[in-house]
Amino acid sequence: MQNIVSGRGSLDGERLTGLMAQLQMRRPLLVCSARMQADFSARTGMMLPCFSGYHANPDLADAITGVEMYRQHGCDGLISVGGGSAMDTAKAVKALLLAPDMEAVKASRLPEDGVLPHIAIPATAGTGAEATPIAVMYVQGEKLSLDHPALLPEAILLDSTLLNTLPPYHQKACAMDALCQGIESYWAIRTTEESRVHARRAIRGVLAHYDAYLSGQPDAADAMLLAAYESGCAIRISRTTAAHAMSYQITKRIGPAHGHACMLTLPHLWRQMGDAPVLAELSDVMGVSPADAPELLLGLLAASEMLPEELPDASTLDALVASVNVQRLSNHPQKLSQMEMREIYTRALTPVSADERARLVSLWRAYAGEADCRG
């Protein structure tokens with residue numbers, strides 16, 4: 001069980017020090033960006049040793065440097081503040097400290113009784129990494145997923161005021177990540193009744209509050225941060241599916257942020273599944289018909305000005321298909337051939353006409369307006 005503290009401004013008071021006392025942390029290593037370190041120190045009055053030398057797509061070598069700092073300063077726990085990169089780096093530092101050797105780390109063979117407390121404080125509303133025992137790292141350019149119960153943060157602090165300085169594009173992309181995680185969790189082969197409870201909360205939370213969140217409404221920011229947390233709880237149980245598996249090289253080769261990349265393919269994966277019964281359930285969760293659901297997701301992209309502008313060349317499309325880890329597709333409810341994946345990439349990355357863009361925007365605006373009336 002994770003200890004959860006939430007509320008606007010909760011980072012500024014005594015609630016963080018209370019969490020630290022419960023976990024017997026006296027000198028934690030802070031894992032966050034240099035900018036976030038200044039904000040953290042100003043809000044909390046704490047001057048902690050800070051590791052900020054990690055990349056946006058963190059390399060395991062980054063975490064090794066973090067371990068050296070942890071030992072140098074005699075730390076007794078971890079506090080990560082930021083997005084998935086900060087939290088995943090902290091999890092990797094923990095794995096390196098707990099495991100007997102590097103091979104055990106890479107194989108996620110960690111001691112079940114290892115004690116090293118970690119407080120995760122998300123500063124984005126999207127990845128849900130605070131609610132998962134997974135850390136995505138890179139080793140010599142190859143993606144590595146560390147996955148072990150010991151990596152689940154012992155405590156979480158949810159303070160939506162940390163979202164205030166997030167650039168608009170990243171607000172959108174992170175919210176799309178949470179929405180995709182909710183949808184993928186719901187239709188995943190490994191889904192359960194428990195994961196679907198969390199998935200429904202994530203899906204409805206993002207869709208109901210997306211526009212208000214982008215307009216700066218504090219209550220909507222609270223709701224979006226909670227929806228992202230729920231999406232993390234959902235994929236902790238079910239894991240993700242094809243939209244995530246197909247997203248990583250879109251980000252690496254073309255540039256869209258992770259959540260944006262996931263949302264580009266997800267509506268087309270939905271259409272590829274035809275009339276699968278789970279889609280009727282998911283459409284009901286969203287409050288639309290099965291035929292309108294993928295259209296609505298495209299409308300969200302259009303209204304966010306995040307539809308593709310240019311179709312990549314044939315060699316890039318071939319590289320995208322070849323890069324997908326087939327093992328990661330095993331949790332998707334439908335088997336996908338390489339030809340089908342290429343078709344999905346092509347549809348996802350083909351620009352639409354101005355008239356089609358306007359139609360999709362109108363569809364989203366009507367839906368969001370109804371959500372405002374309901375709310």
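The values are calculated or read from the model by the stated rules, or taken from the named source; none is laboratory data. None of the values given here were measured: they were computed from a predicted structure. Don't worry about glycine lacking a Cβ; one is built from the backbone with ideal geometry, like all the others, and counts go over all protein chains shown. The protein model used for the area step is the full one, side chains on, heavy atoms only, and it has no ligands, DNA or RNA in it. Shrake-Rupley method; radii C 1.70, N 1.55, O 1.52, S 1.80 Å.
Worth pointing out:
- For the stretch 335-344, the criterion of being exposed (fewer than 14 other Cβ atoms within 10 Å of the Cβ), without any contact (Cβ under 8 Å) to a residue 60 or more places away in the chain and of a type in the set (Gly, Ala, Ser) is met by at least one residue.
- In the stretch 72-102, the residue that is surrounded by the fewest Cβ atoms within 10 Å (Cβ to Cβ) out of those that are charged (D, E, K, R), touching a residue at least 24 places away in the same chain (Cβ under 8 Å) and over 22 Å from residue 177 (Cβ atoms) is 76.
- 1 or more residues modelled with pLDDT of 95 or more and under 15 Å from the mean Cα position of the chain (by Cα): qualifying helices (runs of 4 or more DSSP H) within the stretch 173-278: 193-214, 218-238, 242-245, 258-272
- The number of residues in the stretch 313-326 that are surrounded by fewer than 19 Cβ atoms within 10 Å (Cβ to Cβ) and within 20 Å of the chain's Cα centre (by Cα) comes to 1.
- Which numbered condition residue 251 misses (of (1) of a type in the set (Ser, Thr, Tyr); (2) more than 16 Å from residue 173 (Cβ to Cβ); (3) surrounded by fewer than 19 Cβ atoms within 10 Å (Cβ to Cβ)): (2)
- With respect to the conditions (1) out of contact with any strand residue (DSSP E or B) (no Cβ under 7 Å at 6 or more places or on another chain); (2) crowded, with 16+ Cβ neighbours inside 10 Å; (3) at pLDDT below 95, residue 58 lacks only one, and its number is (1).
- The listed residues are 305, 310, 295, and the only one of them that is within 28 Å of residue 125 (Cβ to Cβ), open to solvent by 10 Å² or more (accessible area, probe 1.4 Å), outside any helix (DSSP H, G or I) and out of contact with any Cys (no Cβ under 6 Å at 6 or more places or on another chain) turns out to be 305.
- Taking every residue in the stretch 275-287 that is within 13 Å of residue 297 (Cα to Cα) and pairing it with any residue that is buried (at least 18 other Cβ atoms within 10 Å of the Cβ) and β-branched (Val, Ile, Thr), at least 6 positions away or on another chain, the pairs with Cβ-Cβ distances below 9 Å are 282/183; 282/203; 286/183; 286/203.
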